[in-house]
1. With a point put 7 Å past each Cα toward its Cβ, work out how far ASP17 is from VAL40 in nm, to one decimal.
2. Stretch ARG47-MET29 to full length: gain in nm at 0.36 nm per residue minus the Cα-Cα span?
Amino acid sequence: MDPVPSITSAGRSRDSDISDRAMRYTIMMGIRVACFFAAVFTEGWLRWTFAVGAVVLPYIAVVLANAGRRKRVDPSSTYLLDTGALPHEPTPPADPRPAPTAPHPGGSEDR
């Protein structure tokens, strides 16, 4: 059966994400238990390899389990501004001084 196409950019549900991370953690802890048993029943360098795996795997499992879902960025939604409508040259800054006032038409200013 073909997968159902998505019509939205929304990701998977949070419950599905947590379930997947818990399953990944459980699988890695199962591999750790297997490393413990393999370290007991093997000899030489292989024993030490399994022992290191049994010690390092919990750290890796926790890091991967806590790595939440990543947001996918749609390249078409990153541009929120239509840059074609902007002027090509910057607008000069406004003069902070007030504009001079014109004299009154028809008389002196001292009344």
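Quick note: the coordinates plus some simple rules give every number you see, no bench work behind them. In this text the structure is predicted, and so the values were computed from the model without any measurement. No Cβ is skipped: glycine too gets one built from the backbone with ideal geometry, and neighbour counts run over all protein chains shown.
1. 3.9
2. Stretched out fully, the ARG47 to MET29 stretch lengthens by 4.7 nm.
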